[in-house]
Amino acid sequence: MKTQVAATSKQAYRGLIHCNLPVREREVMALFTDFDVVLSRKQIWKLLVKGQGDKAPGEGGTCGRVNALIGKRKLLVSRGERIDPSTNKLQELVGLPVANQLPLFS
């Protein structure tokens, strides 16, 4: 689903997110640059390791941060599943919440 969002609206949204988040949660949120970006927890962890090297949190710590952003803060939502190519297991994909605008046109 594509959405038309002005650059100033994106800046305002990012400003609200970053004012009260701990540093590690801000690092996770920085990976979601657009509404089309959906990542699994493992992909998020790999991107953080690639960007930060030894300073990156462990895989379990990253999953905890993502769970906090989903459950408590509701800044991320579940956006489907994918099969991990290395383990052949289902992984939940998370992304920014997208308002369902279809009822507005009915």
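Rule-based calculations on the coordinates, nothing more; no lab input. Keep in mind that this is a model prediction, so the values were computed, not measured. No Cβ is skipped: glycine too gets one built from the backbone with ideal geometry, and neighbour counts run over all protein chains shown.
Some notes on this structure:
- Over all other residues within a Cβ to Cβ distance under 15 Å of K89, the charged ones net out to -1, with Lys and Arg as +1 and Asp and Glu as -1.
- Built amide H within the under 5 Å cut-off of L76, gap 5+: I70
- Å³ per residue enclosed by the Cα convex hull of the stretch 24-97: 89
- Within straight-line reach of K42, meaning a Cα separation under 16 Å, sit the following aspartates and glutamates at least 8 residues removed in sequence or on another chain: E25, E27, E59, E81, D84, E92.
- Summed side-chain charge close to L48 - residues other than L48 whose Cβ falls under 12 Å, Lys, Arg +1, Asp, Glu -1: +4
- A cut-off under 14 angstrom between Cβ atoms defines the neighbours of I70, and their net charge, with Lys, Arg +1 and Asp, Glu -1, is +4.
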